[in-house]
Every structure is written in structure tokens, then in C-alpha cells.
Amino acid sequence: MSEHFIPSVFFTLFLVVDPLGLIPVFVMYLQGYSASFRRRIIIKATVIAFAVSVFFVVLGDYFLKFIGVSAASFLIAGGALLFLIAIDMLFARDDRTRRPAADAAPGVEEDVSVFPLAIPMISGPGTIAALLMFSAQVRGDARGTLVIIALAAAVLAITMAVMFLSAHLKRLIGETGISVIQRLMGLILSAMAVQFIVNGLKGIGIVR
């Protein structure tokens, strides 16, 4: 593990999950519930997202070996996918934040913890790709695997806190502030995605 591995994992996962950019979505899906039911939904969504994360971190290496994909190749593919996600964030084209009003309004008995909160909002394709990408980089290193799981847990803890405080944060930051934050995150993620692609090209010997 390089000295940049831990901050790279944390910031990539934080930028891909984008809890601050999802504040309007959290508000939209969590409104209308009692405080106790909303708390249950948030905790359940976080636990499910963490379970999905652990699954792909632990089994990601075996999955890539099974399909015969090298860590360098997946770095290139993962970097390309993250770059596309960054472009969507920069131009406010994130599908997670555009839900029809009819689908967004939760009923009294409707549990939105699994879908759409845990999957695909928190543990979407970008998150899964990032976890697979990093697990491939620490292939066979138990310490590295535990580090990724711990960092994923930290990001999800932040996301859970944002969900609990989403209504207050939306009033504090405002739609304009959230839009600015999302675009800044998209810009940073695009730079990191390019670096992942470069590292992958180095890994297969195209770039020296």
C-alpha cells in the first residue's frame, strides 16, 4: 500500500457516494414518515449498503480472477466509469437526483431503505466499481482489505449522518450551495478518475 492509498480510497468513495449532493433526494424520500420509522429506514439503508460494500471488497479479487481481468485493466475500466459519473455531476445529470414526483412520495407503509436508498443511491455502480478497483490493488493483502472496509464504513457513517440531518442541511446550504458542492466534487472526481486510468496504463506497460 502506498502512502496515497488511504486518502485515495476515502475521497474516491466519498465523491462517488456524494452524500452532500444527495441531500435533496434524501429529503424527498424521507419526508412524511414518523421520526422512529425514518430512523429505522436510515439505519437499515446504511447497514445494507455496508453489507454490499463488504461483499464486493472481500470477493472482488476472486471475481476479477474468475473472469481473468487484471488489476491494471480494471483500474482503466473503473477510472473511465468514474470519469463518466464525474461528468454527470459537473453538468447536474446525475440520474439519482432526478426522480419523478410520483415515485418519490413515500407512503406510510412504504420502506425505501433497500430501493432506492441503499441501492442504487448509496451503493450504485460507481461505488461498486471503486470498491472492486481498490480491492484489486490490494490483492492478497488482508490489511489492505480491512483498510478499505474501514474507510467504506467511515464514508457510510458520514452518509448516514447526512441523511439524519438532510432537512436541516438543505435549509442551511440551499439548492445553490448543494449544486456548487456537487460540481466541485465532480471536478475533483474527474481528476482522480484520470489518474486511475494513467495508473492502469502504467500497470499494463503502455505508459512508462
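General remarks:
- Put in order of Cβ neighbour count within 10 Å, fewest first, the listed residues E3, E175 become E3, E175.
- Karplus-derived 3J(HN,Hα), 6.51/-1.76/1.60, for each residue of region 171-181, Hz, glycine and proline x: 5, 6, 7, x, 4, 5, x, 5, 5, 5, 4
- Exposure proxy for Y33, Y62: other Cβ atoms within 10 Å of each Cβ, ordered fewest to most, give Y62, Y33.
- In order through region 111-118: 3J(HN,Hα) via Karplus (6.51 cos²θ - 1.76 cosθ + 1.60), integer Hz, x for Gly, Pro: 9, 9, 5, 6, 10, x, 5, 5
- Across region 183-198, rounded Karplus estimates of 3J(HN,Hα) from the backbone phi angles (6.51 cos²θ - 1.76 cosθ + 1.60, θ = phi - 60°) give 5, 5, 5, x, 5, 5, 5, 5, 5, 5, 4, 4, 5, 4, 5, 4 Hz, Gly and Pro being marked x.
- Exposure proxy order (Cβ contacts within 10 Å, fewest to most) of S70, S36: S36, S70
- Over the chain, dividing the summed -39,500 (n - 2.57) contributions of all DSSP H runs of at least 4 residues by the number of residues returns a 222 nm mean residue ellipticity of -25000 deg cm²/dmol.
Only the coordinates and a few stated rules stand behind these numbers; no lab work does. If you're wondering where the values come from, they're calculated on a predicted model, not measured in any experiment. Cβ: placed from backbone, ideal geometry, glycine included. Neighbour counts: every protein chain shown.
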